[in-house]
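The values are calculated or read from the model by the stated rules, or taken from the named source; none is laboratory data. What you see is a predicted model, and the numbers here were worked out from it, not measured in a lab. Positions of Cβ are generated from backbone atoms using ideal geometry, with glycine treated the same way; all protein chains shown enter the neighbour counts. Side chains included, ligands, DNA and RNA excluded: accessible areas come from the protein's heavy atoms. Shrake-Rupley method; radii C 1.70, N 1.55, O 1.52, S 1.80 Å.
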Amino acid sequence: MSPGGRSADYVVVGAGSSGAVVASRLSADPSRTVVLLEAGDQDTRPELRRTDAASVIGLLTSDWSPRIDWGYATEAEPGLDGRVVPVARGKVLGGSSSVNALMWVRGHRDDYDRWSREGNTGWSFDEVLPYFRRAENYAQAPTGSVDRGTRGPVRVRDLDDPSPVARSFVAATRELGFGAGAGASSGTEGFDYNGAQQEGGGFFYQTTRTPDNERSSTASAYLAPVADRPNLRVEVRAQVTRLLFTGVRVTGVEYVQDGVRHTVGVEQEAIVSAGAFESPKLLMLSGVGPAAHLREHGLPVVRDLPGVGENLQDHPFVPLCHQALHEHPAGALLSEAGMFTHTAAGAAAAGFTGAAEPGRPTSPDLQFTFGPIKFLPPTASAELWEGPGFTFAPILLHPASRGSVRLRGADPADTAVVRANYLQRQVDVEVLAEGLTLARELAARTAFDGIRGPELAPGKAVTGRKELRAFIRANTSTLWHPVGTCRMGDDPMAVVDAELRVHGIDGLRIADASIMPHIVSGNTNAACVMIGEKAADLIAHTPSPPTTGRTS
Ligand SMILES: Cc1cc2nc3c(=O)[nH]c(=O)nc-3n(C[C@H](O)[C@H](O)[C@H](O)COP(=O)(O)OP(=O)(O)OC[C@H]3O[C@@H](n4cnc5c(N)ncnc54)[C@H](O)[C@@H]3O)c2cc1C
């Protein structure tokens with residue numbers, strides 16, 4: 001049946017980093033019909049295409065930002081002195097890849113090997129590498145680097161002209177003895193964190209910038225070039241409100257577009273790619289989730305899956321901001337340089353998810369992003385914002401804390417209740433405290449002589465461990481990387497199996513950030529694109545899958 005009809009072979013929910021990839025790849029075979037339903041609008045607003053730091057900040061701060069964002073915020077966070085933390089989520093074609101900060105980071109080899117060690121067959125680094133490669137089109141494939149994709153849809157570039165202050169950051173990492181890593185490339189000045197060794201410091205790949213300096217979101221990379229496919233129908237302003245079942249098989253999808261309710265039949269499979277908040281919310285609204293919670297909201301239970309909405313992980317960070325002594329050129333990226341390393345606190349707590357964990361994680365637990373802009377706490381006085389500055393942002397890569405996503409009610413228009421539980425576990429505070437100390441050591445290097453003004457935040461009064469901890473709890477926020485809420489695995493709390501099929505349900509997969517068992521070591525967009533690529537392959541090679549046989 002044509003995708004313009006009342007049903008399609010595949011219905012994909014959400015055109016973000018993963019969903020746009022799934023729909024594009026599946027519809028490459030003209031014998032398959034694909035409908036892609038996106039709650040947001042077209043990505044035609046010019047600001048969504050621009051890549052300079054000011055435009056990227058504008059996506060979050062303009063008066064029109066609410067039109068391209070879901071408006072999510074956490075509940076009052078106990079670990080953050082009761083603060084509520086806004087968590088941006090793109091609501092537009094391309095999803096969060098249309099609004100993100102453009103850094104392209106694959107993560108560490110061990111991130112994926114760990115998923116595989118835990119029983120997720122097919123997800124080791126060597127097995128996911130072909131999907132990163134399939135996605136990537138590196139403008140300058142680094143010499144000496146491990147497998148780099150050069151023909152994929154997503155354009156990835158070296159930072160052509162880093163700002164002088166970002167160069168100071170990289171020089172400071174060298175002064176402190178953080179190397180360039182193995183497989184060093186020239187383009188990134190000796191730092192290929194997407195190569196054989198992630199540990200080290202250098203400039204970020206300009207994730208997804210095209211030669212004409214436009215954002216390469218999954219909408220522009222994967223959907224725009226195939227817009228004329230007759231077997232692919234893309235609907236925008238189409239918010240999916242419910243999956244429709246016959247028994248435990250998904251047979252349709254209900255959505256509301258411009259106030260009108262529609263349904264589309266599912267001949268083969270529905271693929272939910274609505275992101276780490278909206279995917280579990282949609283499952284729960286459809287009767288798949290923790291039974292008691294669904295009943296609490298008067299929802300019929302199709303399948304009791306207690307893990308739906310659990311295991312929420314994110315990347316919290318805390319800023320260390322300096323005044324600059326003189327004006328410096330605006331950066332090309334919001335964060336131009338960075339570093340990946342290990343902390344003593346993290347090492348001491350390694351295996352923090354339990355002694356039974358098969359193999360301890362070996363990937364870095366601390367990332368820095370460094371930007372040629374001021375990033376100050378919301379409480380900072382107006383005069384601190386005056387004049388130029390630069391910011392170190394230590395990021396907690398592997399939080400021990402876990403949060404959750406729950407329904408606010410049975411109305412699909414409500415955002416979900418997000419309890420991130422940031423810094424619930426003390427070790428998370430300790431890793432960030434080490435990060436601030438390391439940031440101060442970097443800022444003190446000769447590389448910053450001549451540009452280093454006073455430290456504005458935390459400020460020189462905040463020195464002892466106790467004061468640093470208090471600063472961290474008062475000022476930590478998110479890098480907008482929520483994952484893990486429909487976790488892949490084969491235990492009672494897992495939601496999907498290693499082929500991304502929802503346990504106990506037929507004709508339904510999830511493909512997005514929510515399937516990650518553990519968050520990856522770095523910004524999460526590339527991993528989500530990889531998940532979309534791999535999902536499409538799993539679906540294309542698997543005839544309509546039977547029930548997995550797992551009981552809830
Ligand atoms: C401000 C910001 C900056 C970031 N910076 C970076 C960065 O520099 N580098 C990096 O690697 N990562 C970055 N990230 C994170 C990265 O972009 C995300 O992890 C990734 O895009 C998530 O992909 P996803 O497919 O899981 O979800 P999304 O890309 O968010 O896609 C979900 C899509 O589903 C749609 N949707 C949701 N519910 C429904 C529904 N019911 N019906 C229909 N459609 C629905 C949404 O509108 C959205 O389009 C950033 C994120 C943000 C928000």
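Taking the alpha-carbon distance from Lys281 and a cut-off under 26 Å, which lysines remain once sequence neighbours fewer than 8 residues away in the same chain are dropped?
Counting by Cα, and skipping residues close in sequence, Lys281 has these lysines nearby: Lys91, Lys534.
Give me the 1.4 Å probe accessible area per residue for the chain, excluding ligands and nucleic acids, in Å².
Details: 19210 Å² over 552 residues.
Accessible area per residue: 35 Å².
Using Cα centres only, tell me the gap between the stretch 480-513 and the stretch 50-112 in whole Å.
23 Å
If each Cα of the stretch 368-515 is one equal point scatterer, what is log10 of I(q)/I(0) from the Debye formula at q = 0.12, 0.17, 0.20, 0.21 Å⁻¹?
Calculated log10 I(q)/I(0) at the listed q: -0.69, -1.04, -1.26, -1.35.
To the nearest µm²/s, what D does Stokes-Einstein give for the stretch 184-329 at 37 °C and 0.692 mPa s, using the Kirkwood radius over alpha carbon pairs as Rh? Please list the in-between numbers first.
Details: Rh = 20.2 Å.
Translational D for this selection: 163 µm²/s.
Excluding residues fewer than 8 places away in the same chain, name every one of the aspartates and glutamates whose C-alpha is closer than 14 Å to that of Lys374.
Glu327, Glu336, Glu383, Glu386, Glu455
Work out Dmax and Rg for the chain from the C-alpha atoms and quote the Rg first, both in angstrom.
Expressed in Å, the Cα Rg and Dmax of the chain come to 22.4, 69.
For the stretch 445-506, how big is Rg over Rh, using alpha carbon atoms and the Kirkwood form of Rh? Let's see the in-between values first.
Values: Rg = 22.2 Å, Rh = 16.4 Å.
Computed over Cα atoms, the ratio is 1.36.
Ranking request for peptides 527-533, 409-415, 29-35, 433-439: highest mean number of other beta-carbon atoms within 10 Å first, then the rest in descending order. Before the final figure, lay out the partial values.
Numbers: 527-533: 28.3, 409-415: 13.0, 29-35: 17.3, 433-439: 21.6.
Final packing ranking: 527-533, 433-439, 29-35, 409-415.
So for each of 10-16, 508-514, 82-88, 402-408 I average, over its residues, the number of other beta carbons within 10 Å; can you give me the resulting order with the highest mean first?
10-16, 508-514, 402-408, 82-88
Hey, got the dipole for the stretch 395-552? About the Cα centre, +1 on K and R Cβ, -1 on D and E Cβ, debye to the nearest 20? Intermediate results must be reported in sequence, preceding the final value.
Working: 18 positive and 17 negative charges, 133 e Å.
In debye, rounded to 20, the stretch 395-552 gives about 640.
Take the solvent-accessible surface of the protein heavy atoms, probe 1.4 Å, and return the percent of it on the chain that carbon and sulfur atoms account for. Display every interim value, and only then the final one.
Numbers: 10040 of 19210 Å².
Of all accessible area on the chain, carbon and sulfur atoms account for 52 percent.
Please state the shape class of the stretch 257-301: rounded when a/c is under 1.5, otherwise prolate if a/b exceeds b/c and oblate if not, all from the C-alpha gyration tensor. If you can, show how the numbers build up before the last one.
Numbers: a/c = 1.69, a/b = 1.50, b/c = 1.13.
Judged from the Cα gyration tensor, the stretch 257-301 comes out prolate (a/c at least 1.5, a/b above b/c).
Bin width 10 Å, origin at 0, all Cα-Cα pairs of the stretch 213-271: what percent of pairs per bin?
The percentages, shortest bin first, are 19, 37, 34, 9, 1.
How big is D for the stretch 262-415, in µm² s⁻¹ as a whole number, if Stokes-Einstein is applied with the Kirkwood radius of its Cα pairs at 20 °C and 1.002 mPa s? Mind showing how you got there, number by number?
Values: Rh = 19.6 Å.
It comes out at roughly 109 µm²/s.
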